[in-house]
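The values are calculated or read from the model by the stated rules, or taken from the named source; none is laboratory data. Keep in mind it's a predicted model, so treat the numbers as computed, not measured. No Cβ is skipped: glycine too gets one built from the backbone with ideal geometry, and neighbour counts run over all protein chains shown. Surface areas here come from the heavy atoms of the whole protein model, side chains and all, with no ligands, DNA or RNA. Shrake-Rupley method; radii C 1.70, N 1.55, O 1.52, S 1.80 Å.
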Amino acid sequence: MLYLIGLGLGDAKDITVKGLEIVRRCRRVYLEAYTSILTVGKEVLEEFYGRKLILADREEVEQEADNILKDADISDVAFLVVGDPFGATTHSDLILRATKLGISYRVIHNASIMNAVGCCGLQLYKFGETISIVFWTDTWRPESFFDKVKKNRQNGMHTLCLLDIKIKEQSLENLIKGRKIYEPPRYMSINQAAQQLLEIVQNQRMRGEEPAVTEKTLCVGLARVGAEDQKIAAGTLQQMSTVDLGGPLHSLIITGDNLHPLEMEMLSLFSIPDNSSESC
């Protein structure tokens, strides 16, 4: 059987008891290594699980899934995912491939950023469509996702922004020349995301449009959710461009209009001290 096992968001101990029992009896155990990260490395996981882990990068999962599924019809294979297994569409594709090969599968769920964002006090049922904010380049600066933020705010909904992760990426030159040389990992910070959003706001104003978000829109920054050094900061979008929440992973929430009094009271626990009186 193929097991897709969520690892949660913090460290090695966040795996469920059920998940750990399965890991320890599987013949092969893969660790998905490109959609998210834990606060501990592969070696720490191996020591706690008592098993060697096989790193599975994007290329392995998307192009060579057959290697992962090999013999899974006659032995147990585990595929470990930070957060919950359905946090990325890639993992649905793995299930579809397994099903076509007649391989049974089972999913062991765990906490993910999609539900753990409730730690800031915003009510989960008031979140609209989640968006991704990608690293801009000199030639690619997409703004289309901003329409979803506008729609969410018009409906009084919050927007969870998942920030870009670049792991095992090749430069354009190395990609063209077919050289297997990879760039160092990069993780978008709340500062970078906010700066890009502020530039989009300015671009819309220059085009004569009324932006749905302004410099004073109330936002929430979250870092390393689920870890012992988790940090949360609530303030304006302008403040988010300079706040320091430390290392990755970061997420950003753009709040909707008409926050519930309880939401406001909870966010006050995380207000950025300077200029904290600024509001939407």
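See the values below:
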| read-out | value |
| --- | --- |
| Residue tally, condition of a type in the set (Ser, Thr, Tyr) and closer than 28 Å to Lys166 by Cβ, over segment 47-105 | 4 |
| Members of segment 1-21 that are open to solvent by less than 20 Å² (accessible area, probe 1.4 Å) and outside any loop (DSSP other than H, G, I, E, B) | Leu2, Tyr3, Leu4, Ile5, Gly6, Gly8, Ala12, Gly19 |
| Failed criterion for Val81 (all others in (1) modelled with pLDDT under 90; (2) closer than 29 Å to Val117 by Cα; (3) surrounded by 13 or more Cβ atoms within 10 Å (Cβ to Cβ) hold) | (1) |
| Verdict on Phe86 being assigned to a strand (DSSP E or B) and not basic (Lys, Arg) | no |
| Where a residue in segment 44-64 is in the same structural domain as Tyr34 (by the TED database) and in a strand (DSSP E or B) and its partner, wherever it lies, is among the hydrophobic types (A, V, I, L, M, F, W, C) and surrounded by 13 or more Cβ atoms within 10 Å (Cβ to Cβ), with Cβ under 8 Å and at least six apart | Ile54/Val29; Ile54/Leu31; Leu55/Leu31; Leu55/Ala33; Ala56/Leu31; Ala56/Ala33; Ala56/Ile68; Ala56/Phe79 |
| Qualifying position, being in contact with an Asp or Glu (Cβ under 6 Å, 6 or more places away or on another chain) and either without any contact (Cβ under 8 Å) to a residue 24 or more places away in the chain or hydroxyl-bearing (Ser, Thr, Tyr) (or both), among Thr255, Thr236, Thr217, Thr242 | Thr236 |
| Filter result (closer than 12 Å to His250 by Cα, open to solvent by 10 Å² or more (accessible area, probe 1.4 Å) and outside any loop (DSSP other than H, G, I, E, B)) within segment 211-226 | none |
| Filter result for Leu38 (open to solvent by less than 30 Å² (accessible area, probe 1.4 Å), within 30 Å of Pro184 (Cβ to Cβ) and under 17 Å from the mean Cα position of the chain (by Cα)) | yes |
| Among the candidates Glu199, Glu265, Glu210, Glu215, residue that is modelled with pLDDT under 95 and more than 26 Å from Gly83 (Cβ to Cβ) | Glu210 |
| Some residue of segment 110-121 being at pLDDT 95 or above and among the hydroxyl-bearing types (Ser, Thr, Tyr) | no |
| Candidate set: segment 189-218, residues that are small (Gly, Ala, Ser) and closer than 19 Å to Ile272 by Cα; chosen: the one farthest from the chain's Cα centre (by Cα) | Ala194 |
| Top-ranked residue in segment 112-159 [being among the hydrophobic types (A, V, I, L, M, F, W, C) and farther than 25 Å from Ser268 by Cβ; ranked as surrounded by the fewest Cβ atoms within 10 Å (Cβ to Cβ)] | Trp140 |
| Close pairs (6 angstrom Cβ cut-off, 6 or more residues apart or separate chains): more than 16 Å from His260 (Cα to Cα) in segment 145-159, assigned to a helix (DSSP H, G or I) anywhere | Phe146/Ile200 |
| Evaluation of Ala72 against (1) assigned to a loop (DSSP other than H, G, I, E, B); (2) modelled with pLDDT of 90 or more; (3) open to solvent by 20 Å² or more (accessible area, probe 1.4 Å) (one fails), failing number | (3) |
| Test result for Gly256, touching a helix residue (DSSP H, G or I) at 6+ places or on another chain (Cβ under 6 Å), assigned by the TED database to the domain that holds Ile190, crowded, with 19+ Cβ neighbours inside 10 Å and under 26 Å from Leu38 (Cα atoms) | no |
| Leu122, sole failed condition from (1) without any contact (Cβ under 8 Å) to a residue 60 or more places away in the chain; (2) touching an Asp or Glu at 6+ places or on another chain (Cβ under 9 Å); (3) over 23 Å from Asp11 (Cα atoms) | (1) |
